[in-house]
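Have a look at the structure below, then the notes.
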Amino acid sequence: MLAVLGFGDPVADAIGLLRPHTVIGPTLRATGEWALRFEPFPHVRIGGLVRGTCWLALDGHEPVLLRQGDTFMLGNPPPYVLSGSLDASPRPAAEVLAAAGDGIVQIGPESDDDLYICAGHIGFDERNATLLTDLLPPLVVVRAADPHGDRLGQLIDHLATEVGDAAAGSPLVRNHLAQILLVHMLRAHAAQTDRPTGWLGALHEDGVGAALRAVHADVAHSWSLKELAEISHMSRSAFAQAFKSHVGLPPLEYLIQWRMSLARDALARDTLPISELALATGYLSESAFSTAFRRVVGSSPAQFRSQARRQPVHSAANGS
């Protein structure tokens, strides 16, 4: 059986399938006139202000003033600038961050009142990265005073203390803290959004969420629209309409897409024979599985696996 099927929670399952790799820091401390320009990068950048204020300006978007305790998440962002002033001329961020010492970049003289920002990059397995990146806007900001703000601020503070720390296990602590921060940012984003799409819709405790959790708990089950509607305590027509409104796909099409995401991952890693993979993803025969896989992915399972063997799995892991 596929190892990723064990959670029964859409958020945990999706993040597990994404196989996140985190690069945290260096942290930035700055005073005076300063600005750093970051080039586009894949997947997610996440961070927050431990102290001070700064501007975050994405190309094509209005600048946003971040204050102490605020956290932010960028999804596949365009170029953007962090600055102490909108009038400052930006320098390339990659060059400045490359000069970090002990996990810290200092711009201007040290001061108890300087900006202190902790941020990192979370890269995903390229084959399934769109499971998350297609659902995110370029920028999510959670203010310190927001319902999730206090917990997120505490996580940023904890993460900042681990950056540059040579204590045993510190890289593991940073990695797990970053993933916890990601989950809480997703919760906050879902709470800010009236109708989150995709599996983010499962963050709402409603009938649709119950049906989604059931699907994720037993993806090999031969689910019917009637069964899922009963779990959601709705009629079939009301459930189908609500599911598509929240998730963006009809219920059984979502099931197929999720099964194929699991199948791509298993084939890329060559963890199961195709006949066993068919049963693990809910198909009674290898031919039925192959037909569904070809429809969604565009190639047969054998062809996909053969190509994956020649092309190692890549994840974005560039912290700049």
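Membrane-span-like helices in the chain (whole DSSP H runs, Cα extent of at least 24 Å along the helix axis, mean Kyte-Doolittle hydropathy of at least -0.5): 170-192, 251-269.
In the stretch 88-229, the inverse of the mean reciprocal separation of distinct Cα atoms equals 18.5 Å; this is its Kirkwood hydrodynamic radius.
Rounded to the nearest 20, the Cβ-based charge dipole of the chain about its Cα centre (Lys and Arg +1, Asp and Glu -1) stands at 1140 debye. Translational diffusion coefficient of the chain (Stokes-Einstein, Kirkwood radius from Cα pairs, 10 °C, 1.306 mPa s): 75 µm²/s.
Per-residue ellipticity at 222 nm, computed for the chain from helices alone with -39500 (n - 2.57) per DSSP H run of at least four residues, works out to -12500 deg cm²/dmol. For the stretch 1-158, what does the alpha-carbon gyration tensor say about shape, rounded, prolate or oblate, given a ≥ b ≥ c as the root eigenvalues, a/c under 1.5 as rounded, and a/b over b/c as prolate? Prolate, since a/c reaches 1.5 and a/b exceeds b/c. When PHE304, PHE124 are sorted by how many other C-beta atoms sit within 10 angstrom of their C-beta, beginning with the fewest, the order is PHE304, PHE124.
Amide H contacts for VAL44 (H built 1.01 Å from N in the peptide plane; partners 5 or more residues away or on another chain; cut-off under 5 Å): ASN76, ILE122. Working value for the stretch 200-310: equivalent-ellipsoid semi-axes of 29, 13, 12 Å, each the square root of 5 times a Cα gyration tensor eigenvalue, largest first.
Amide hydrogen proximity for ILE107: with H placed 1.01 Å from N in the peptide plane, the residues at 5 or more positions away or on another chain lying under 5 Å are ARG29, ALA30, THR31.
A dipole drawn for the stretch 200-310 from +1 and -1 charges on Cβ atoms has a positive end, and of SER222, ALA240, TYR283 the residue lying farthest that way is TYR283.
Bear in mind that the values in this text are calculations on the coordinates, not laboratory data. Just so it is clear, the structure is predicted and the values come from calculations on it, not from any experiment. Note that each Cβ is placed from the backbone with ideal geometry, even for glycine, and that neighbours are counted across all protein chains shown.
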